[in-house]
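So the structure is just underneath, and the comments pick up after that.
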Amino acid sequence: MILLICSTTTGGVELIAGISEHQVSFENSTGAAIAGLSDGQSLFDAWVLPPTLTLQYHFLPENNIRPYVGVGVNYTAMLWANATSSVEAILARQVLAFPIHLALPDKLVSTWIFGFGLGYHF
């Protein structure tokens, strides 16, 4: 889910919220067992909650195609279940990241916008 509030004609605040399920596995390129773990061994299943809040600057607010850049903060929390290893307490942690978004939205009608975006989290 994405909520975008445009506070001015060129600025806005975007909240991206979602949750997804992931399987976390041990990966070791050497193939050797480390701490009793073998390559490809499943550690645990996790539900990941990564809300992201960004501030946006829209370059051409009056055009139908309105490119923008956004910078913000992301806090990812792993909410796990179905643990298969005692290593989960070490690996399942919260992560703070700083995203940069570049997007090219197109105003289809007065209330609908469609677009493509590119993001990177530091």
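The values are calculated or read from the model by the stated rules, or taken from the named source; none is laboratory data. Since this is a predicted model, take the numbers as computed values, not measurements. Cβ atoms come from the backbone with ideal geometry, glycine included; neighbour counts cover every protein chain shown.
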| task | Could you give me the residue pairs with C-beta distances under 6 Å whose first residue belongs to region 2-18 and is closer than 20 Å to T76 by Cα, whose second residue is modelled with pLDDT under 80 and not hydroxyl-bearing (S, T, Y) wherever it lies, and which are 6+ apart or on separate chains? | result | V13/I5; E14/L4; L15/L3; I16/I2; A17/M1
| task | Enumerate the pairs (first residue in region 49-75 and within 13 Å of L4 (Cα to Cα); second residue anywhere and assigned to a loop (DSSP other than H, G, I, E, B) and acidic (D, E)) with beta-carbon separation below 6 Å, excluding pairs fewer than 6 apart on the same chain, so at least 6 apart or on different chains. | result | none
| said: Out of everything in region 32-59 that is assigned to a loop (DSSP other than H, G, I, E, B) and at pLDDT 80 or above, what residue ends up being nearest to G115 (Cα to Cα)? | reply: F59
| query | So which residues in region 1-31 are over 14 Å from the mean Cα position of the chain (by Cα), outside any strand (DSSP E or B) and closer than 23 Å to F114 by Cα, if there are any at all? | reply | S7, T8, T9, T10
